[in-house]
Every structure is written in C-alpha cells, then in structure tokens.
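Below: one structure, written as structure tokens.
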Amino acid sequence: MDQDNKGSVFESAIKNFLSPIWNLLQDESVTEVMINRHDEIWIERGGKVHKSSARFPDEDSVRAAANNIAQSVGRRIDDKNPRLDARLPNGYRIHAVIPPCARKGTTIAIRKFSTTQFTFEDYIRFGTMTLDVARFLDICMKLGKNVLVSGGTGSGKTTLLSVLCNRIPKGQRIIVIEDSSELQIEYEHVVFFETRMANELGEGEVNIQDLLKSSLRLRPDRIIVGEVRGGEALELVQAMNTGHKGCLGTVHANSPHDAIVRLEALAQGADSQLSEKALQHQISSAIDIILQISRYQDGSRRIGSVAEVLGVNDKGVYQVQPIYSLDGLVKKADGRYSGIIHPVGVEPTFMKEIADHQFNFPQEKFHTRKSA
C-alpha cells in the first residue's frame with residue numbers, strides 16, 4: 001500500500017474513533033485539543049485556551065479512542081502501560097494517560113503542527129521581533145553561530161527554529177534530528193532523522209543520542225536538534241566544539257541563563273568522564289547565542305531576549321549578556337500587549353567579524369533604542 005493510501009485509511013479510522021472532536025481537528029485555527037475527561041474538552045486557538053462544547057458520550061468511548069490510537073501505531077495502553085506517547089502518520093502528537101493515574105478519566109492531548117512556512121517578514125508583522133533583530137539573527141546564521149532557542153511549551157520554539165534553518169546559506173549539508181518530524185525546512189541538501197520508540201517488548205528504540213552519534217559520521221556541516229532533552233546534549237556540545245559551526249537546537253527554559261544551566265544538567269546525564277569545570281568550559285565555548293521566546297497572556301509569542309554567551313567565571317557562573325531585550329510591555333484596553341524588543345547598548349563580541357564580512361549592520365544598531 002502506497003503512502004497516500006495508508007494516509008487515507010488512517011484518516012478514515014481516526015475520524016471514526018475521534019468523531020466527537022473531528023471538527024476541531026479539522027479546524028486549522030485549533031492547534032491543540034485537550035480531553036480532560038469525556039465531557040470536558042479544551043482547545044488552544046490563537047495561543048489561548050478555551051473550553052469547547054464538544055464531548056464524548058462516556059468514559060468508555062474515550063478509553064476506546066485511546067486504545068484505537070495505540071493500536072494504530074503498534075502500541076498499547078493498559079493497566080501495565082497506563083501512558084501513551086505517539087506520533088500519528090498525519091503528524092499529530094498524542095499523549096494519553098488512563099485511570100487510575102488519570103483521576104478524572106482518560107486524559108488525552110492532541111497537538112497539531114502547522115504546515116505554514118513562516119519567515120522573518122511574518123515575525124516582524126506579528127510583532128514577534130523587529131527588523132533589526134531579524135537582520136542580526138540572519139547575520140548570525142550566515143556567520144555560522146551556534147544558536148540555542150529557549151522557551152516554554154507552546155512558546156513557538158520549533159517554529160522559530162524552522163525560520164532560522166531556512167536562513168542557512170546554500171552549499172552546506174544539514175542533518176536534522178527530531179523526536180517527531182515538526183520542522184518545516186526548505187533546503188537543497190538536508191537529511192531528516194526521526195527517533196523510534198521501543199515496541200511492545202521494549203526493543204528497537206532509537207533515541208536522539210543514537211541518531212546524533214550517527215550524524216557525526218555522515219559529514220554534516222550543521223546539525224539541528226529539534227529538542228535537546230537528555231544526554232544528547234553532551235554530543236551536541238562536543239560537535240559544536242569540533243568544527244561543526246552553525247548548529248542549532250531548542251531547550252525548555254524560562255531565560256537564557258536558565259537555558260544554559262539546563263543544557264549543562266542534561267549533559268551531565270550522559271556517560272561522561274568530564275569534570276564539572278571542563279563541562280562548563282565546553283558548553284560556554286560551544287553556545288554563541290541564546291534566543292528566548294515566550295507566549296504571553298494575550299496569546300502573542302515574542303522574542304524576549306537575544307543574548308550572547310561570554311564564558312564562565314571562576315565561580316562557575318555562566319556569563320550571559322543580553323544584546324536585545326523586551327521590557328516595558330503595556331497591556332492595552334483590548335487586552336493585548338504593546339511593546340517591542342530593544343538593543344540594550346552592548347555590542348556582540350563578534351562585531352569585527354560582522355564588519356569584516358561587510359554586512360550592512362553598523363555598531364549604532366546596538367545602541368539606538370526605538371519607540372513602540
């Protein structure tokens with residue numbers, strides 16, 4: 001059976017056992033559907049969460065849906081395995097938990113991923129960043145700076161990573177590694193890797209760390225890790241320090257400083273003989289720029305900080321210097337926030353490199369503050 005027919009058969013099946021929420025899944029404005037119990041269903045639309053009028057007939061029908069989802073991807077969810085984490089062929093990411101772990105009843109979250117290809121121009125129009133920030137990030141990609149995108153769940157890390165990847169200069173070999181394929185990358189020479197979960201017997205798992213080790217033997221110019229969440233952090237850091245310029249990844253954190261500390265904690269989880277001091281030195285040498293993106297109460301997603309990693313001091317504290325920062329947000333009468341990200345008055349340490357490459361981005365850009 002070819003891929004199109006497989007997709008058609010799957011869509012027919014999922015429509016059957018998820019019929020109460022099928023219209024929500026078809027609605028392009030809905031990015032996530034959250035089933036707390038059979039008669040309590042919430043959705044995310046425009047960055048905000050709303051309660052839906054949709055409902056399943058009873059608990060048994062939600063449990064049946066979870067069972068069918070598991071079977072459709074060769075997994076199972078039962079008393080021995082009360083949790084399910086799966087990616088469906090149509091790209092939906094599903095996580096389910098059944099009673100007694102889920103006290104209200106079978107709980108399912110279905111996350112959809114946009115197929116829209118965003119650009120810096122879109123981000124400027126949305127107010128996510130300014131033209132100067134976009135131009136600076138474009139320069140960072142051209143110079144091969146190693147960039148870490150930090151943010152919380154649903155903040156837009158993956159979308160921002162896709163935009164950055166699409167600014168990589170031509171003529172390079174990129175290897176992309178993800179838990180589930182989400183990144184929208186249009187590039188001539190790109191290899192996509194995706195992890196594989198273990199089967200019912202606990203065999204056959206291939207994780208990000210495994211794929212990252214393989215990628216290092218496949219002559220990459222740049223390595224992109226969709227989300228750094230485990231021991232693969234150490235391999236990524238070491239790749240960045242051994243000639244692979246312009247690597248990118250995302251991490252869950254609330255600030256640039258928290259992001260690099262979390263990266264260290266993840267790297268410590270790997271089987272390494274490095275001392276804490278040596279590991280900190282490697283991390284501070286590897287990461288050049290940290291982008292912090294957040295989702296705010298009005299549903300908007302904005303870059304809150306563009307920071308440069310300057311090293312680590314004698315006390316083992318990372319020196320993270322903001323270059324652009326978002327402050328002074330004002331809530332307007334309609335509930336939306338007003339404010340833009342500004343330069344803080346500090347030039348990046350690679351200012352000479354920017355000038356040597358003759359990029360039209362004068363020093364004044366890092367000192368001139370614009371009004372909202």
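The values are calculated or read from the model by the stated rules, or taken from the named source; none is laboratory data. Because the structure is a prediction, the values reported are computed rather than measured. All Cβ positions, even for glycine, are placed from backbone atoms using ideal geometry, and neighbour counts span all protein chains on display. Just so you know, the surface numbers come from the protein's heavy atoms only, side chains and all, with ligands and any DNA or RNA stripped out. Shrake-Rupley method; radii C 1.70, N 1.55, O 1.52, S 1.80 Å.
The magnitude of the dipole of segment 47-146, with charges of +1 and -1 set on the Cβ of Lys/Arg and Asp/Glu and taken from the Cα centre, is near 140 debye. Of the residues G339, Q319, C247, the one whose Cα sits farthest toward the positive end of the charge dipole of segment 246-372, with +1 on the Cβ of Lys and Arg and -1 on the Cβ of Asp and Glu, is G339. Cβ-Cβ distance of M197 and S275, R₀ of 35 Å, FRET efficiency by 1/(1 + (r/R0)^6): the value works out to about 0.55.
Considering only Cα-Cα distances, which of the following residue pairs are longer than 20 Å: K112/K157; K277/K352; K112/K245; K245/K315; K170/K245? Don't jump to the answer; show the numbers that get you there.
Details: K112/K157 15 Å; K277/K352 29 Å; K112/K245 32 Å; K245/K315 28 Å; K170/K245 14 Å.
Violating the 20 Å limit, Cα to Cα: K277/K352; K112/K245; K245/K315.
Against the chain, whose longest principal axis comes from its Cα atoms, helix 131-143 is set at around 80 degrees.
When both segment 346-368 and segment 292-309 are represented by their alpha-carbon centers, they are found 23 Å apart. Excluding same-chain neighbours fewer than eight residues apart, the aspartates and glutamates reachable from K48 by a Cα-Cα span under 17 Å are D27, E28, E32, E40, D298, D334. Taking the Cα centre of segment 195-323 as reference, the dipole from Cβ charges on Lys and Arg (+1) and Asp and Glu (-1) amounts to some 380 debye.
On a per residue basis, the chain carries 50 Å² of accessible surface, using protein heavy atoms and a 1.4 Å probe.
The spacing between segment 228-242 and segment 126-165, judged by their C-alpha centroids, is 20 Å. Summarised as an ellipsoid, the chain has semi-axes of 37, 26, 19 Å, derived from the eigenvalues of the Cα gyration tensor scaled by 5 and square-rooted, with the largest first. Less than 17 Å from a label point 7 Å out along the Cα-to-Cβ axis of D356: which backbone N atoms in segment 104-140 qualify, by residue? Only 139-140 pass the distance filter. Residue separation of K15 and T116 scaled by 0.36 nm, minus their Cα-Cα distance, works out to 34.1 nm of gained length.
How much length is gained if the chain between T153 and Q71 is pulled fully straight, taking 0.36 nm per residue apart and subtracting their Cα-Cα distance, in nm to one decimal?
On the way: separation 82, 0.36 × 82 = 29.52 nm, distance 2.72 nm.
Answer, rounded to one decimal: 26.8 nm.
For segment 153-232, the list of GluC sites (Glu not before Pro) that fall in a loop by DSSP and count at most 14 other C-beta atoms within 10 angstrom reads E186, E188, E200, E203, E205. With the cut-off at 1.5 for a/c, could you classify segment 239-372 from its C-alpha gyration tensor as rounded, prolate or oblate? Judged from the Cα gyration tensor, segment 239-372 comes out oblate (a/c at least 1.5, b/c at or above a/b).
Extension gain, D314 to D27: 0.36 nm times the residue separation minus the Cα-Cα distance gives 98.0 nm. The modelled label-to-label distance between L131 and E186, using points 7 Å beyond Cα along the C-beta direction, is 2.3 nm.
Can you show me the helix-derived [θ] at 222 nm for the chain, built from DSSP H runs with n ≥ 4 at -39,500 (n - 2.57) apiece and divided by the number of residues, rounded to the nearest 500.
Values: 11 runs with 110 residues, N = 372.
Counting only the DSSP helices, I get -8500 deg cm²/dmol.
If the only charges are +1 at each Lys and Arg Cβ and -1 at each Asp and Glu Cβ, what is the size of the charge dipole of the chain around the Cα centre, to the nearest 20 debye?
660
Here the translational diffusion coefficient of segment 12-78 follows from Stokes-Einstein with Rh set to the Kirkwood radius across Cα pairs; for 37 °C and 0.692 mPa s it amounts to 263 µm²/s.
Projected label points at E205 and K331, each 7 Å from Cα along the beta carbon direction, are separated by 4.3 nanometres. The modelled label-to-label distance for the pair D258/H95, using points 7 Å beyond Cα in the direction of Cβ, is 1.7 nm.
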